[in-house]
Amino acid sequence: MDRRAFLDVVRRRLAGVAAPDLPSHLPPTFATGDGRLFDRFAAALDLAGGEAIHMRLDELSAQLAVRVAGCATAVVAPVVDHHEAILEGLARAGCRLLEPGRDGAAHADLGVTGAVLGVAATGSVLLAAAQGAPRTVGLLPPFHLVVLPEDRLVPGFEELFEQMSALAARSSNLVLVTGPSRTADIEMTLVRGVHGPERVTVLVVTA
Amino acid sequence: MRSSAEPKDFVARPARVLLFVTCLVDLLFPEVGEATVLLLRDLGVPVDFPDAQTCCGQPAFNSGFTDEARRTARTLLDAFEGAEAVVSPSGSCTAMVREHFPRLFEGTCDEPRARELAARTYELSEFLVDVLGVNRVAGSFAARVTYHDSCHGLRELHLSGQGRKLLAGIDGLELVEMARPEQCCGFGGTFSVRLPEMATAMADDKLEQAAATGADVLVGGDTGCLMHLAGRASREGARLRPMHLAVLLAEARGLMSPAAAR
Amino acid sequence: MTADPGTFEQRAHIGLQTPGLAAALGRAMDYRAVQRAQAFAGTDEPAVRAAGEAIRAHTVANLDHYLERFAENAAARGTKVFFAATAAEAVEYVLQVLRDHGAKLVVKGKSMVSEEIGLNPALGSADVEVIETDLGEYIVQLADETPAHITTPAVHKTRGQVRDLFNRAHGADLSDDPAELTRFARDVLREKFLAADVGITGVNFAVAETGSFTIVTNEGNVRMCTSLPRVHIALMGMERIVPSFRELSLMLPLLTASAAGLGVTAYVTFVNGPRQPEEPDGPDEVHVVVLDNGRSAILGGEFHSILHCIRCGACLNVCPVFRQVGGHAYGAVYGGPIGMVLAPLLDGFDAAGDLPHASSLCVACTEACPVNIPLHEHLLGLRREIARSRATRGERFAFAWWGRLWGNARTYRWSARLARIGQLPLVRRRRIRRAPFPLSRWTSARDMPALARGSFRERWRRMEGRGP
């Protein structure tokens, strides 16, 4: 049915229906915490089955190398904060780089991306499709490593959603990622690692 | 979720209370009505029973027959006209009056009376605890007891533990909670005969929970639920004894002998 | 798609006779109850629910306005929005898109709307392979069944049953360990994701302000469906929309907390349009099918607020009837309390007229609904509609006479006396164990008490010293 006709039906049915106002104030849905944003972020991500580590920039490549030990191959998003330190760390770990496209990502043990921001209340990171940020890098490999500058942490959903329409204008796809993929579809038994990554680590870096 | 009528707060106890006995109690479980009267009088509250009342109309109302429901519900409006307070040993019948009478009589000349009655009708345990301020019932009843929260009392009247509070002080009574005391027993009025196999399965679920507590007695505030659970228990040979709160309290206080209670 | 033939009672009978079903459902529901309590702890739950209710009420009351804004803003981003008045229109649109792209393999995220329009059978008839990728939906697809629950489609299956399904379908030799079964499904479905031509998903909320829409999962299958194939088609019930991202900041956690006790799911995907020219991957085309299929007829009527539903499944998770038999007994796309109201309204009373009575009116659903839909009031309203237009002569007769006899105390007492006499042949030791229809429906499995020898009224007269 064409849009006009469809909406006319809706409009006619709604004639005379009282429309309450939108609430001017929205109550918080997460218990607001205090303390350092990183600490809240790490605690929440831990509950979701992921891991967050805090470090200075000069520690990044060494720390990264430790975390990815055992990964033979990796894909890295071409545009990512602290690109050099990341490549250095992967080299240290003896990790071979594959082309960051669908094929590479499908065969890599590890995918390294940045993130637009992190949400402390939930331990989430926001990924945005963009030039130099293929979606497959943080999706196909079983291990997803995120490098996030600390000043990109926001307290909660209120702050996240304040930025969303601007972010949505710039990107065809945004994903809020909170820990590894999981399911409880079989007898409500929690299993980690379904279609998305089964391990998520966020390296939160201060300058 | 607010009820459509909030009962008026009483600063002091009402001078006189009228008993809304309910058709189930009147015809099948008169000892519950008797126990209710004895308990109220024991607390010094004069009780009267206006016998123009028949039934709150819930069976017809829940089946969508509102005209027929109004016919019997009107007998309550007549019987309780001008009452200071009305007390009933049934959560679901009280909820029918409080929650549904105003809308049932909306637009009729009985609407003002319906609203007035809705504001003055109490379920027994909430009346004892919230209006009369009973903190403790002195008495003895040696048994392990588990509590069943009937749905309408819980979710429409927002009863919140008054029944358990009344049991707490009784000597020899051990209260053990079943796994899901708030889960529906499957009576639901006409539901129990529209979908008997389902209703029975739901009864079995509750009886299993009760059995797991090792309780001798299952106590509740609604005779519909108790009749349904007792009927299944007796058919299955279970030794659990469903009992109305009023009868248990009356026995515990020595106001009623166990023989008269049956 | 209309409801199954047969009655609720008949289908429930099958469920009640299925060993292990009630136990599986009970375990799942108890788990959900714990999760939900945890998720709302530390929030002002009544305030959050009131805000959710207000947002839904405002939005649905202005639905044409928000759908129009959504369509304009989505189109500006390159998303193609199709308004489908009926299920048939929606199916035809999807088939046309598939034809246009020569698509042969579709990967699908969970979508109750797709069940409503009968999409999978239509795709099958058009020779398109469609693979359900949500693990619960995949299990249900292998079993050739429909989902048993809005958010947990395979809630009725044991691990042994899943193992058997997988082994049979793939000639494998798996154990019943959920982790092993899940890993197996991951590998099987990974191949399909990478090869698929088209991804089809549902929509949790559309966002009018930007023409975006959002989908929540824990598994990652929707990320796959919305990123890997060239074409993404999203199916949306027309009422599933919020004005802006601000409202989403409350509605999303309200949805996931009510559905699964989570503040946030593992993945929240926001689709803003097809890939932009500088982006290295993503679908070239994004389509949104906005479905009416009977919803507009509910707008502005007695049951209007049922369209506030956000499909969280919280009402199913507390329903004592659902607990015994699961979703299939309802014989409609939506089961449980939401289904008992929606199915008669969407599918008609011929198909689903017995559903509003499949409830003991315990009110647990209304108590659980995060946007405060008065579900039990709607059930009563539907029962009134049924009494007006579809009651059997017997029932009408019975209640009419009941109303007359019990409309005053004298005939009430009189009928009780008659019944007390009439019951005599049936009474054994103050119980009735067998009775004729309709009381046989009670006595088939339960004893009945006999009418008391002395009614309360008679005891009262004695107590007042006025009688024998």
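The table that follows gives values for the structure above.
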read-out	value
Convex hull of Cα atoms in the range B:17-130, direction-averaged projection (nm²)	6.6
Anisotropy class of the range A:97-207 from Cα gyration tensor, a/c 1.5 cut	oblate
Dipole in debye (nearest 20) - the range C:43-291, about Cα centre, beta carbon charges: Lys, Arg +1; Asp, Glu -1	240
Sorted peptide list for C:380-389, C:228-237, B:141-150, criterion being average Cβ within 10 angstrom, highest first	C:228-237, B:141-150, C:380-389
Rounded tilt (10° steps) of C:159-170 against the dominant C-alpha axis of chain C	40
CD proxy at 222 nm, helix term only [per DSSP H run n ≥ 4: -39500 (n - 2.57); per residue of chain C; nearest 500]	-15000 deg cm²/dmol
Cα gyration tensor, the range B:135-261 - rounded (a/c under 1.5), prolate or oblate	prolate
Two-decimal Rg/Rh across the protein assembly as shown, once Rg and the Kirkwood Rh are taken from alpha-carbon atoms	1.02
Dipole moment magnitude, nearest 20 debye, chain A about Cα centre, only Lys, Arg, Asp, Glu C-beta charged	680
Cβ-based net charge around C:Arg323, under 14 Å, with every Lys or Arg adding one and every Asp or Glu removing one	-1
Reachable lysines, given that their alpha-carbon falls under 27 Å from the alpha-carbon of C:Lys104 and they are not under 8 places away in the same chain	C:Lys80, C:Lys192
Local electrostatic count at B:Val25 - Lys and Arg +1, Asp and Glu -1, tallied over other residues with Cβ under 11 Å	-2
For peptides C:36-48, C:110-122, C:363-375, sequence by mean Cβ density within 10 Å, most packed first	C:363-375, C:110-122, C:36-48
Test item: C:226-238 mean partner chain Cβ contacts at 10 Å	2
Signed unit charges on C-beta, dipole axis of chain C, positive-most listed residue C:Leu380, C:Leu165, C:Ala126	C:Leu380
Cβ-based net charge around B:Gly221, under 12 Å, with every Lys or Arg adding one and every Asp or Glu removing one	-3
Fraction of beta bridges assigned by DSSP in chain C that are antiparallel (%, nearest 5)	30
Debye, to nearest 20: dipole size of the range C:423-463, +1 on Lys, Arg Cβ, -1 on Asp, Glu Cβ	180
Signed unit charges on C-beta, dipole axis of the range B:130-206, positive-most listed residue B:Thr146, B:Cys185, B:Ala201	B:Thr146
Dipole of the range C:217-367 [Lys/Arg +1, Asp/Glu -1 at C-beta], most positive-end residue of C:Ile298, C:Ala314, C:Pro337	C:Ala314
Mean residue ellipticity (222 nm) of chain A, computed from DSSP H runs ≥ 4 via -39,500 (n - 2.57), nearest 500	-8500 deg cm²/dmol
Overall form of the range C:43-291 per C-alpha gyration tensor (a/c, 1.5; a/b vs b/c)	oblate
On Cα atoms only, tilt of A:83-92 relative to the major axis of chain A in degrees	50
3J(HN,Hα) from dihedral phi, the range B:18-30, Karplus parametrisation 6.51/-1.76/1.60, rounded to Hz, x for glycine, proline	9, 8, 9, 7, 6, 5, 4, 5, 4, 8, 10, 9, x
Within 10 Å of each Cβ in A:114-123, the average number of Cβ atoms from other chains	1
For peptides B:160-173, B:236-249, sequence by mean Cβ density within 10 Å, most packed first	B:236-249, B:160-173
Peptide-level mean, for C:179-187, of C-beta atoms on other protein chains within 10 Å	5
Pairwise centroid distance, computed over Cα atoms, of the range B:86-143 with the range C:35-64, Å	31
The range C:22-78: GluC sites (Glu not before Pro) falling in loop per DSSP and having at most 15 other Cβ within 10 Å	none
Degrees between helix A:3-14 axis and first principal axis of chain A (Cα, 0 to 90, nearest 10)	60
Kirkwood Rh and Cα Rg combined as Rg/Rh, chain C	1.06
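Quick note: the coordinates plus some simple rules give every number you see, no bench work behind them. Just so we're clear, the structure is a prediction, and the values are computed from it rather than from any experiment. Cβ coordinates were reconstructed from backbone atoms using ideal geometry, including for glycine residues, and neighbour counts include every protein chain displayed.
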